[in-house]
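Take a look at the structure below.
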Amino acid sequence: MEQKPIPVDQAAQALHEALGAVLIALCDTMPFEQKDKFAHNLARLARNAEAQGNTILETVLIDLHNAASR
């Protein structure tokens, strides 16, 4: 049976959600200090992406920062 290709926007959304889920699972295993530093690093990377004009990467990193900060 031939599979139809997944539309790019749906594939990108699925990857975004999967990455968030993996990040949440990872952060759940971290002590608070390590989790806080990890979230801080994601925020820093988001600011760098913003400064470079890469709004898509900035948005993804902000979403990941929010997930890590839960």
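The values are calculated or read from the model by the stated rules, or taken from the named source; none is laboratory data. Quantities reported herein were computed from a predicted structural model and do not represent experimental measurements. Cβ placement follows ideal geometry from the backbone for every residue including glycine, while neighbour counts extend to all protein chains displayed. Calculation scope for accessible area: heavy atoms of the full protein, side chains included, ligands and nucleic acids excluded. Shrake-Rupley method; radii C 1.70, N 1.55, O 1.52, S 1.80 Å.
Annotations for the structure displayed:
- In segment 40-70, residue farthest from ILE24 (Cα to Cα) [restricted to those that are open to solvent by 60 Å² or more (accessible area, probe 1.4 Å), among the hydrophobic types (A, V, I, L, M, F, W, C) and more than 8 Å from the chain's Cα centre (by Cα)]: ALA51
- Subset of segment 29-39 that is of a type in the set (A, V, I, L, M, F, W, C) and within 22 Å of THR59 (Cβ to Cβ) - its residue that is least open to solvent (accessible area, probe 1.4 Å): ALA39
- Neighbours by Cβ (under 8 Å, 6+ apart or cross-chain): first from segment 32-50, of a type in the set (Asp, Glu); second open to solvent by less than 100 Å² (accessible area, probe 1.4 Å): GLU50/GLU58
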